[in-house]
1. Applying the selection to the stretch 171-187, what residues are part of a helix (DSSP H, G or I), surrounded by 18 or more Cβ atoms within 10 Å (Cβ to Cβ) and charged (D, E, K, R)?
2. Can you pull out every residue in the stretch 243-264 that is part of a loop (DSSP other than H, G, I, E, B), farther than 19 Å from F29 by Cβ, touching a residue at least 24 places away in the same chain (Cβ under 8 Å) and not β-branched (V, I, T)?
3. Could you please find all residues in the stretch 167-204 being touching a helix residue (DSSP H, G or I) at 6+ places or on another chain (Cβ under 8 Å), of a type in the set (A, V, I, L, M) and over 17 Å from R137 (Cα atoms)?
4. Working carefully through the options P292, P274, find the one that is under 19 Å from F30 (Cβ atoms) and either under 18 Å from the mean Cα position of the chain (by Cα) or among the aromatic types (F, W, Y) (or both).
5. Given the structure, is V111 buried (at least 21 other Cβ atoms within 10 Å of the Cβ), out of contact with any His (no Cβ under 7 Å at 6 or more places or on another chain) and under 21 Å from R68 (Cα atoms)?
6. Is there a residue being touching a Leu at 6+ places or on another chain (Cβ under 9 Å), buried (at least 18 other Cβ atoms within 10 Å of the Cβ) and either at positive phi or at pLDDT below 95 (or both) anywhere in the stretch 16-24?
7. Which pairs turn up if I take residues in the stretch 73-96 that are surrounded by fewer than 19 Cβ atoms within 10 Å (Cβ to Cβ) and look for partners that are assigned to a loop (DSSP other than H, G, I, E, B) and aromatic (F, W, Y) with beta carbon separation below 8 Å, at least 6 apart in sequence or on another chain?
8. Condition first: of a type outside the set (A, V, I, L, M), surrounded by 14 or more Cβ atoms within 10 Å (Cβ to Cβ) and either under 15 Å from T4 (Cβ atoms) or at pLDDT below 95 (or both). Now tell me which residues in the stretch 248-294 satisfy that.
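The values are calculated or read from the model by the stated rules, or taken from the named source; none is laboratory data. Keep in mind that what you see is a predicted model, and the values were worked out from it rather than measured. All Cβ positions, glycine included, derive from the backbone under ideal geometry; neighbour counts span all protein chains shown.
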Amino acid sequence: MTATRFAVGDVTIHRVVEQEQPLFDPLTFFPGLTRERLEENRAWLEAARALDPASGQLILCIQSYVLRTPRHTILIDTCVGNGKNNPARPFWHRKTDDAYMRALAAQGLSVEDIDYVLCTHLHVDHVGWNTRLENGRWVPTFPRARYLFSRREYEFWTAQHAREPLGPIAESVLPVVEAGRAELVDHDFALDDFVRLEPTPGHTPDHVAVRVGRSPARADAVFTGDLIHSPLQARYPEQSMRADHDPAQAARTRRAFLERYCDTGTLCCMAHFPSPSAGCITRWGEGFRCEPAA
C-alpha cells in the first residue's frame, strides 16, 4: 500500500484502509455513462488502477482518514464495519475481518486515541465502524470520542428511518446518540482553528467536506467524502453516481469544488479513489485530474 501518511502544515494525515478492490460495474454505478465514453477512457483508468482490466469493474478504496493536529486526533468517516447488515452488497454483509483494526494499529493508533469522529454523511460505508457489537448491543467503537454529525443530515436520515427502517441508522448512528456521544452541528462548523466543515450538498442532503489549515484563504488539505468517487468524475464532473440524492446538485457541487481547489496546491484527500487516494487538482481540458501527492 503506497502513501498511507502525509504531512501538511502542522497536521499529519493517516490513511486507514479497510478495503480496496473491484466493486461495481461502471455503467451501473454511473447511470449517465455511455459505453463509448467508458471505452474512450479505459486505458488511463486502468493505468491509474481505477478500473480493473480483468473484471471491468471500478476499483474503489474504502477508507478513513485520521488527522493528528496539535490539539486533537480526528477520524473522518468510519467505513463499513463488522457485523453490519448489507444483504444487497455481499462484500460488505456481516463482515468479520480484522483489516480495519490492523490498518489503524499500523498507523500507531488505537480506538482510545480518537478524540473526534467526523462523518461527512451517513451512508453505510461512512458510518460502519461508528459502532461495534458488545454483548449483543451496538456500542460506540471509539469510547473517548465525540461523534460529529451534520444536524440537517441527521434529521433527514432519521426521518427516513422512522418511515422505513434503515440498517446504517439503526446499527451505526442511533446507538451513538443513545450513548450520549453525538453532537449535531451546522454544515460550516469549525472544530478548532485547524479543522472546519465545508458544505458540499448533492450526494446527500447535507453532505460536507472537511477543510484543514489555519489560513482562511487557502486550505492545506481537504477531505472530499462522497462528492466524488472516481477519477472519471474529475475528468467529467457532470457524471453523477447512482446513489446521489440530487444528481444535478451533486454535479454542480463537484465542479465548483474542483474549480475551487484547482492549481492551488491543496492536498485533496479522496474517500474512494484508488491508492494513493490523495493529490492536487489540475485542469484537464474541460475537466480536471488529481495528480498523486509526491
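1. Taking the stretch 171-187 and keeping what is part of a helix (DSSP H, G or I), we get 171-172, 174-178.
Then keep just the ones that are surrounded by 18 or more Cβ atoms within 10 Å (Cβ to Cβ); that gives 171-172, 174-176.
Within the stretch 171-187, just E171 meets the criteria.
2. The one that is part of a loop (DSSP other than H, G, I, E, B), farther than 19 Å from F29 by Cβ, touching a residue at least 24 places away in the same chain (Cβ under 8 Å) and not β-branched (V, I, T): C262.
3. The answer is A182, L184, V185.
4. Details: P292 fails: under 19 Å from F30 (Cβ atoms).
Just one listed residue meets the conditions, P274.
5. no
6. No - not one qualifying residue is present in the stretch 16-24.
7. none
8. C269, F273, P274, S275, P276, S277, G279, P292
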